[in-house]
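One structure is given below, encoded as structure tokens.
The values are calculated or read from the model by the stated rules, or taken from the named source; none is laboratory data. What you see is a predicted model; the values in this text were computed from it and never measured. For neighbour counting, all protein chains shown are included, and Cβ atoms are generated from backbone atoms with ideal geometry for every residue, glycine included.
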Amino acid sequence: MAGELYLTDTNILIRWVRRDAADFKIVGAAIEEFARRGAIPCYTSQNLGEFWNVLTRPVDRNGYGLAPAQANRHALEIETSFRLLVDSREVHEEWRSLLMAHSISGVQVHDARIAAAMRVYGVQQILTFNTRDFARFPFVQAVHPAQLP
């Protein structure tokens, strides 16, 4: 696995920066395990946008209620610790292809965009709490953090 890329889903990122989150320990342990194996964590602009949304959304609307400056500090931590899979024309075209191939609609379009970036960049694993969201994509291995030792 040394040098292999893996994607960190938004639900992982939002717990990774929040040390008081209920799942922080399991997320931290999973990221450490990937690091021990020499794997490289990645993110997409889609992930960072969703991450920013949760961090700046009011607490009474299931967010963290942080100011943009606070969210920016956390975003910078991700940007310096993880590798960005840059959006491109190829990612866009793959995303559009996946939407039609799998009859995707509604909020599922966001996961399809992540899967498209993974396919274009040859990333096979995504660390996520929502493994079912990626089950439709045969080229994606969704790994729940509890699955790692």
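Numbers at a glance
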quantity	calculated
So Ala75, is it farther than 17 Å from Glu4 by Cβ and among the small types (Gly, Ala, Ser)	yes
Elements of type helices (runs of 4 or more DSSP H) contained in the stretch 62-130, each with 3 or more residues being crowded, with 19+ Cβ neighbours inside 10 Å and in contact with a His (Cβ under 9 Å, 6 or more places away or on another chain)	108-121
Filter result (outside any helix (DSSP H, G or I), surrounded by 18 or more Cβ atoms within 10 Å (Cβ to Cβ) and either small (Gly, Ala, Ser) or at pLDDT 90 or above (or both)) within the stretch 6-42	Tyr6, Leu7, Thr8, Asp9, Ala39, Pro41, Cys42
Within the stretch 131-149, considering residues that are assigned to a loop (DSSP other than H, G, I, E, B) and of a type outside the set (A, V, I, L, M), the one surrounded by the most Cβ atoms within 10 Å (Cβ to Cβ)	Phe137
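To keep it simple, each residue is scored yes or no on (1) within 16 Å of the chain's Cα centre (by Cα); (2) among the hydroxyl-bearing types (Ser, Thr, Tyr).
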residue	(1), (2)
Thr56	no, yes
Asp60	no, no
Ser103	no, yes
Arg132	yes, no
